[in-house]
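Below is one structure, written out as structure tokens, with a few remarks after it.
Where a number appears in this text, it was derived from the coordinates with a stated rule and is not lab data. As the structure is a prediction and not an experimental result, all values here were calculated from the model. Glycine gets a Cβ as well: all are built from the backbone with ideal geometry, and neighbour counts include every protein chain shown.
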Amino acid sequence: MGTGPGRLDQMTARAAEVIREADCVIGNESYLSWLAPLIHGKEVIRSRMGREVERAETAVRLAADRRVAIVSGGDAGVYGMASIVLEIVERNEEKIRVEVVPGITAANAAAALLGSPLSGDFAVISLSDLLTPIDTIGKRLEAVFSVGIPVALYNPRSRGRPHNLALALEIASRHLGPDTPVGIVKNAYRDGEVVSITTLGKAGRIIEDVDMHSILIIGGEESRIWRNGTDARGIITPRGYHRKYVY
Ligand code: SAH
């Protein structure tokens with residue numbers, strides 16, 4: 001199940017209900033901490049990052065005789081736990097009922113904080129090369145930036161892969177102008193939330209500030225800074241109404 005970006009009021013009512021009804025809740029320590037009010041008194045299994053397969057196997061095993069909620073941040077189907085759980089259920093031919101509960105993914109959360117950068121077609125790419133080879137990531141970045149649509153970059157940086165973000169910005173810069181807006185949202189809807197806006201031409205300077213709790217949204221060829229007064233307040237990608245209507 002997806003718990004949204006990190007605050008109870010950004011979780012769906014169904015996700016909260018599923019946790020309340022669960023006998024056992026399994027998840028990564030960082031996600032479980034803010035769920036404390038909902039999981040009090042339940043059997044809680046805390047796991048670490050990198051232990052996803054083990055966690056999914058435990059959840060499936062326990063689900064034989066109890067209701068188990070296995071938790072992912074954001075949406076469970078977007079770089080989350082849903083697929084590995086489904087794979088294990090299929091492989092073991094388990095006769096258990098599985099429900100995938102959707103949640104607000106980081107791209108949607110960050111887009112809302114930035115204004116409306118993902119108003120039409122957009123792409124989502126993870127820069128993590130733990131499960132996807134870096135050559136494949138490079139090809140996908142080339143493809144999506146070449147068509148000029150906004151791109152949300154998940155897992156933009158961690159200690160293990162400091163160069164992948166520089167690679168993504170370099171590929172973006174070959175296809176888009178230096179004034180293309182770039183939004184960086186750290187800890188969307190969580191403690192320590194920071195929203196910043198820059199441009200592709202200046203984005204190299206912010207690489208050091210980007211961490212694994214951040215998501216980047218690189219605008220497409222129609223995206224621009226949205227101003228309210230003189231300040232840059234956000235990023236907008238017009239949907240195209242201006243081509244059809246006068247307003
Ligand atoms: N299933 C999650 C994504 C997990 S991958 C979802 O749907 O959101 C982990 C990456 O997601 C992080 O490295 C970061 O890029 C992004 N992310 C998740 N939650 C975030 C948040 N609250 N603020 C900013 N980025 C977030």
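³J(HN,Hα) across the range 123-130 via Karplus (A = 6.51, B = -1.76, C = 1.60, θ = phi - 60°), whole Hz, x for Gly/Pro? 3J(HN,Hα) across the range 123-130, in whole Hz: 10, 10, 9, 9, 8, 6, 9, 5. Quick one: work out the % antiparallel among DSSP beta bridges in the range 81-207, nearest 5. Bridges in the range 81-207 are about 60 percent antiparallel.
GNM remark for the chain: springs join alpha carbons under 10 Å apart, and the peak mean-square fluctuation among E54, E142, E170 falls on E54. When V246, V78, V100 are sorted by how many other C-beta atoms sit within 10 angstrom of their C-beta, beginning with the fewest, the order is V246, V100, V78. Between beta-carbons, use under 15 Å as the cut-off and find the net charge around I197, counting Lys and Arg +1, Asp and Glu -1. Taking every Cβ under 15 Å from that of I197, the sum is +2.
Of the DSSP H helices in the chain, none is both long (alpha-carbon extent of 27 Å or more along the helix axis) and hydrophobic (Kyte-Doolittle mean at least 0.5).
Placing +1 on the Cβ of every Lys and Arg and -1 on the Cβ of every Asp and Glu, with no other charges, gives the range 54-158 a dipole of roughly 240 debye about its Cα centre. Ordered by the number of other Cβ atoms lying within 10 Å of each residue's own Cβ, fewest first, M49, M81, M212 fall into the sequence M49, M212, M81. Less than 5 angstrom separates the built amide H of A123 from those of V151, A152, all sequence-distant by 5 or more or on a different chain.
Build a GNM of the chain with springs between Cα atoms under 10 Å apart, and of D179, D211, D121 the one that fluctuates most is D121. How many angstrom lie between the Cα centre of the range 211-247 and the Cα centre of the range 2-80? The distance from the Cα centre of the range 211-247 to that of the range 2-80 comes to 34 Å.
How high is the relative contact order of the chain, in percent, with contacts defined as C-alpha pairs under 8 Å that are six or more residues apart?
Numbers: 471 pairs, mean separation 46.7, N = 247.
RCO, the chain: 19 percent.
With a 10 Å cut-off between alpha carbons and a GNM built on the chain, which of S72, S126, S47 moves the most? Comparing S72, S126, S47 in a Gaussian network model of the chain, the most mobile one is S47.
Cβ crowding within 10 Å, taken as a proxy for footprinting-reagent exposure, orders R227, R14, R157 from fewest neighbours to most as R227, R14, R157.
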